[in-house]
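First the structure, in the form of structure tokens, and then the observations on it.
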Amino acid sequence: MMEWAWLIPSLPAIAFALMVALRRWLPNWGAILATGSMAVSFALFFFVFADWFGQKSFPGDYTFMYSIDWLRAGDAVLTWGMWIDPITLTMLGLVTAAALGIQVYSWGYMAHEPRFTWFFAVHSLFAASMLALVMADNLLLLYIAWELVGICSYLLIGFFYDRRSAAEAAKKAFITTRVGDVGLLIGILLLFVETGTFELSAIFAALANGELSEGVVTGAALLMLMGAIGKSAQFPFHVWLPDAMEGPTPVSALVHSATMVVAGVFLVARVFPFFEASDTASLVLLCLGAVTALGAAAMALVMTDIKRVLAYSTLTDLAFMMLALGAGSVTAGMFHLLLHGFAKATLFLGAGSISHGSEQTDIRQMGGLRRRMPLTALAFGVAALSLGGIPPFGGFFSKDEVTLAAFHGQFGWVFLIVALTVGFMKALYMGRVFFSAFLGKLKPENEHAHESGPSMLAPMLVFTTLGALGGLLAFGWTDGYGGFGYFVFAGDHQEAFHLNVGIAVASAVLALAGFGIAWLAYVTGSLSTEGIIARVRPVHTAVANKFYVDEVYQWTIDTVVLTLGNAIAWVDRALVNDVGVNGPGVVTERSGRVLRLVQTGKLYSYALGMVLGFLALAVAWWVAQ
């Protein structure tokens with residue numbers, strides 16, 4: 001069955017093509033086609049998963065590869081194929097489940113949208129591109145799918161293109177991620193020059209055999225990391241993700257749970273042998289994760305728009321995954337990616353349910369919504385507890401794995417403190433947004449709020465259940481399954497799940513403290529947030545202004561880039577064009593005019609020239625004497 005796994009991305013891609021070609025005749029049937037194709041892809045995933053299990057029992061180091069020749073150029077042969085291993089299977093399950101659930105949700109949320117079919121068409125292509133990316137067996141195919149993911153995110157973030165803010169957000173996301181993509185492309189070309197192939201298996205074999213120098217390994221890892229931090233919106237390319245909230249909420253759910261932003265984490269996990277072989281690249285990854293996690297968590301604490309709080313929460317958790325990968329644990333990184341995907345899908349769909357039912361997006365205008373939206377409150381609350389790291393919800397186990405990995409990595413104590421601090425901040429801002437939205441008194445302006453319909457609630461509750469119970473995947477429940485650490489691993493890091501009691505207790509206590517402080521501040525009111533803000537006013541102002549990174553970028557563009565661009569334009573216009581290109585033509589034309597005076601065809605003119613020439617020679621001879 002694994003030979004037919006290519007159908008998983010192909011079906012939604014075909015649905016996209018049909019919807020684009022026949023959209024005039026498919027007003028609602030297009031959505032049925034999109035959802036149906038995704039449902040079949042989701043079902044195919046289980047067949048592929050079962051077939052993979054039948055190939056070999058755990059530990060799961062079996063990899064299925066299948067490829068065909070695509071293009072021959074001299075000695076180089078470009079292939080087109082699939083790579084199916086535990087990391088691929090994890091992503092296939094997450095992406096197909098998230099895309100299917102979000103499409104079902106969109107039936108209700110986008111029902112009144114005039115471009116209903118176009119939304120489902122691009123949504124299908126988005127999912128197909130991400131599925132092709134995770135299955136790619138070579139870097140060229142991976143890069144093509146990578147770019148398709150970027151184009152789809154541009155189309156969906158700018159879905160409301162007649163709104164200037166949405167159009168600007170789409171351009172910002174597209175351009176910012178392109179900067180990172182340049183690094184990824186250079187890294188891919190570097191490896192092709194060194195190995196003569198794009199195939200991942202051949203490149204990893206060259207790395208294992210010592211055919212690549214230390215400089216090439218580190219350089220390739222850092223260049224590919226540049227692409228990863230662009231897609232995953234890590235510092236300093238994090239500025240596009242909060243603005244991407246201008247897109248429809250189902251798009252935000254898909255971007256944050258299973259596609260665009262997790263592509264960077266997946267890329268690092270896929271090429272993990274390069275980071276494992278380079279301490280420098282691993283340390284850069286660790287520092288990047290630590291800086292992004294702390295900064296994003298701080299910004300999530302002060303934002304008031306519910307989707308922006310969740311966006312900065314995503315940045316924090318993606319940085320958490322990068323921290324785990326930098327510490328050498330693919331298991332912890334992918335486990336947190338999986339459970340974060342379920343929790344974040346629930347939270348964004350919950351935020352959409354709130355705005356759909358109450359028309360509120362500012363948490364300061366909410367409060368008491370549990371009375372009008374009990375099921376949304378239940379789903380959002382469970383996901384908040386899970387993402388905040390409260391046991392026994394799933395997020396506690398994945399967060400504990402990341403924290404433990406940080407402790408066992410380079411400079412363990414430093415990154416352990418960072419992980420625990422970020423864990424506390426995660427609980428604090430998740431408690432803040434949940435308590436502000438759902439507890440307290442129902443405000444008069446929200447009296448009309450109502451619960452969402454079944455098509456929106458059903459996927460939300462399914463994701464809630466998966467996120468809450470997903471922690472059970474950490475344990476080995478059967479003789480054939482030793483736990484997630486025996487399923488997804490890299491190198492020699494295969495191991496059963498285990499708790500470090502001290503770290504687990506500290507993590508849980510900090511998470512409870514975070515929710516407790518949020519309760520005191522936003523439910524009982526016994527803790528004054530205004531008083532705290534007044535004491536740290538400069539810091540709060542800096543965080544509320546997103547550390548002025550956007551302003552620095554704008555100043556750099558206006559002052560440096562445009563000035564340099566104008567200088568280059570002047571050189572191009574005045575020197576290259578006017579002198580280099582037009583210059584020979586002007587000289588020839590003017591020379592012709594002068595020579596035309598000499599070539600008259602009249603005898604007396606030539607005689608006059610000869611006389612003048614003779615006199616000139618005579619004068620010159622006389623002067624010389």
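The values are calculated or read from the model by the stated rules, or taken from the named source; none is laboratory data. The model shown is predicted, which means the values in this text are computed figures rather than measured ones. All Cβ positions, glycine included, derive from the backbone under ideal geometry; neighbour counts span all protein chains shown. The area values use the complete protein model at the heavy-atom level, side chains included, leaving out ligands, DNA and RNA. Shrake-Rupley method; radii C 1.70, N 1.55, O 1.52, S 1.80 Å.
If you take the square roots of the eigenvalues of the alpha-carbon gyration tensor of the stretch 525-587 and sort them as a ≥ b ≥ c, do you get rounded (a/c under 1.5), prolate (a/b over b/c) or oblate? Taking the square roots of the gyration eigenvalues as a ≥ b ≥ c, the stretch 525-587 is prolate. With the simple model of a label 7 Å out from the Cα in the direction of the Cβ, residue 175 to residue 542 spans 2.7 nm. Accessible surface area normalised per residue over the chain is 43 Å², counting heavy atoms of protein chains with a 1.4 Å rolling probe.
Once the chain from residue 616 to residue 596 is taken as fully extended at 0.36 nm per residue, the excess over their C-alpha distance is 5.0 nm. When shorter helices are ignored and each DSSP H run of at least 4 residues is given -39500 (n - 2.57), the per-residue value for the chain at 222 nm works out to -23000 deg cm²/dmol. Of the chymotrypsin sites (Phe, Trp or Tyr not before Pro) in the stretch 100-209, the ones in a loop by DSSP (not H, G, I, E or B) with at most 14 other beta carbons within 10 Å are 161.
Taking all protein chains together, 302, 268 sort by accessible area into 302, 268, largest first [probe 1.4 Å]. Amide H to amide H distances under 5 Å link residue 235 with 292, where only residues 5 or more positions off or on other chains count and H is placed in the peptide plane.
Could you compute the net charge surrounding residue 387? Neighbours are other residues with a C-beta less than 9 Å from the C-beta of residue 387; K and R count +1, D and E count -1. Net local charge, residue 387 excluded: +2. Once the C-beta distance of residue 1 and residue 68 is scaled by a Förster radius of 22 Å, the resulting FRET efficiency is 0.75 to the nearest 0.05. Compared with the alpha-carbon gap, the fully stretched path from residue 17 to residue 205 is longer by 63.9 nm at 0.36 nm per residue. Using a probe of 1.4 Å, the accessible surface attributed to residue 602 totals some 100 Å² when neighbouring protein chains are kept in position.
FRET efficiency for the pair residue 55 and residue 167, taken as 1/(1 + (r/R0)^6) with r the Cβ-Cβ distance and R0 = 51 Å, rounds to 0.60. The accessible-area ordering, largest first, of the residues 276, 401 stands as 276, 401, per a 1.4 angstrom probe.
Compute the Cα gyration tensor for the stretch 411-451, then decide on rounded, prolate or oblate, letting a ≥ b ≥ c be the square roots of its eigenvalues: rounded whenever a/c is under 1.5, prolate when a/b is larger than b/c in the other cases, and oblate in all that remain. Prolate shape, in that a/c is at least 1.5 and a/b is the bigger ratio.
About its Cα centre, the dipole of the chain is roughly 1960 debye, where the only charges are +1 on Lys and Arg Cβ and -1 on Asp and Glu Cβ. Rounded to 0.05, the FRET efficiency of the residue 607 and residue 578 pair, given R0 = 41 Å and the Cβ-Cβ distance, is 0.50. How large a share of the accessible area of the chain, in percent, is made up of carbon and sulfur atoms when the probe is 1.4 Å and the other protein chains stay in place? Heavy-atom surface of the chain belonging to carbon and sulfur, 1.4 Å probe: 68 percent.
Extension gain, residue 78 to residue 570, is 172.9 nm, computed as 0.36 nm per intervening residue step minus the present C-alpha separation. Dipole of the stretch 233-376 computed with +1 at Lys/Arg Cβ and -1 at Asp/Glu Cβ about the Cα centre; of 345, 299, 319, farthest Cα towards the positive end is 345.
Pull up all non-local amide H partners of residue 70: gap of 5 or more, or a different chain, and H-to-H distance under 5 Å with H placed in the peptide plane. Distant-sequence amide H within range of residue 70: 78, 79, 80.
Around residue 399, what is the net charge, scoring Lys/Arg as +1 and Asp/Glu as -1 over all other residues with Cβ under 13 Å from its Cβ? With Lys, Arg at +1 and Asp, Glu at -1, the net is -2. A probe of 1.4 angstrom, applied to the heavy atoms of all protein chains, finds residue 469 with accessible area near 100 square angstrom. Among the GluC sites (Glu not before Pro) found in the stretch 202-273, those both in a DSSP coil and sparsely packed, with 13 or fewer other Cβ atoms within 10 Å of their Cβ, are 211. The stretch 538-557 and the stretch 60-110 have Cα centres lying 38 Å from one another.
Can you give the local net charge around residue 33? Use residues other than it whose beta-carbon is closer than 15 angstrom to its beta-carbon, Lys and Arg +1, Asp and Glu -1. Taking every other residue near residue 33 into account, the sum is +2. Computed from label points 7 Å out along Cα-Cβ, the spacing between residue 189 and residue 556 is 2.2 nm.
Along the axis of the charge dipole computed for the chain (Cβ charges of +1 for Lys and Arg, -1 for Asp and Glu, origin at the Cα centre), the listed residues 333, 242, 104 are led at the positive end by 242.
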